[in-house]
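For reference, the structure is listed below as structure tokens.
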């Protein structure tokens, strides 16, 4: 009889156990763990800074942290922001826009010889997969205008084509040969690893970034998973 009772208890608990394994894993600050791990993989491989924001208002501070901790002093700097512009990123991009003047002033104080570029990325099926918003530029007004022009939309599933954004930054930006080269990747969703027909992959991006002529460090800022992100998460059953 005890054996039958044990079996019944085990069967009754099984669905709950299966359900618990599908709960999403977040960090204490609300960042999706799979994104944090993907970002750390990118930045650690290039010896760059890995940062995570505590919310939209914290994104500009993390951008300034990369300026302070990730960029070499006394050298010309080329810095390209590679930004996820899918629907879930609206609050984070608005916060960056609002404080971009202060962020640029902070960057210029530390690195007077600096250029800034912008690449936006989304995913397959969206209005674009990746595009250059601003080629590396020294003019503060054009940099501000580039940031202000960013609009969010698309998305729908959890993962985005992160590697397309990085690939475009590496290949389509006019990097100066004598400058120190840096990408700052900002997003809340992990990259697609399942596009078998696409040559833009983790391996291809890291190989290109490591070429001696480029030597690009990929800093990362992971942002919190908001309501739209969590809807996509629930739809896909990501953990």
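Since every read-out is calculated from the coordinates, none of them should be taken as a lab result. All values reported here derive from a predicted model rather than from experimental measurement. Note: ideal-geometry Cβ built from the backbone for every residue, glycine included; neighbour counts use all protein chains shown.
Overview of values
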quantity	calculated
Inter-label distance for residue 68 and residue 151, nm, one decimal - labels placed 7 Å from Cα along Cα-to-Cβ	3.6
Principal axis dimensions, segment 25-236 - Cα atoms, whole angstrom, descending	47, 35, 31
Efficiency of FRET between residue 37 and residue 141 - r from beta-carbon atoms, R0 41 angstrom, step 0.05	0.60
Cα centroid separation, segment 190-225 to segment 103-118 (Å)	24
Segment 40-151: proportion of alpha-carbon pairs further apart than 24 angstrom, %	23
Spatial separation of Cα centroids for segment 134-153 and segment 45-75, in angstrom	19
Over segment 25-236, relative contact order from alpha-carbon pairs under 8 Å, at least 6 apart, %	32
Approximate spin-label separation residue 207-residue 98, in nm, with each point projected 7 Å along Cα-to-Cβ	4.4
Contact order normalised by residue count of segment 100-153, Cα under 8 Å, 6+ apart, percent	32
Peptides 101-109, 50-58 ordered by average Cβ neighbours within 10 Å, highest first	50-58, 101-109
Least to most buried among 63, 168, 206 (fewest other Cβ within 10 Å first)	206, 168, 63
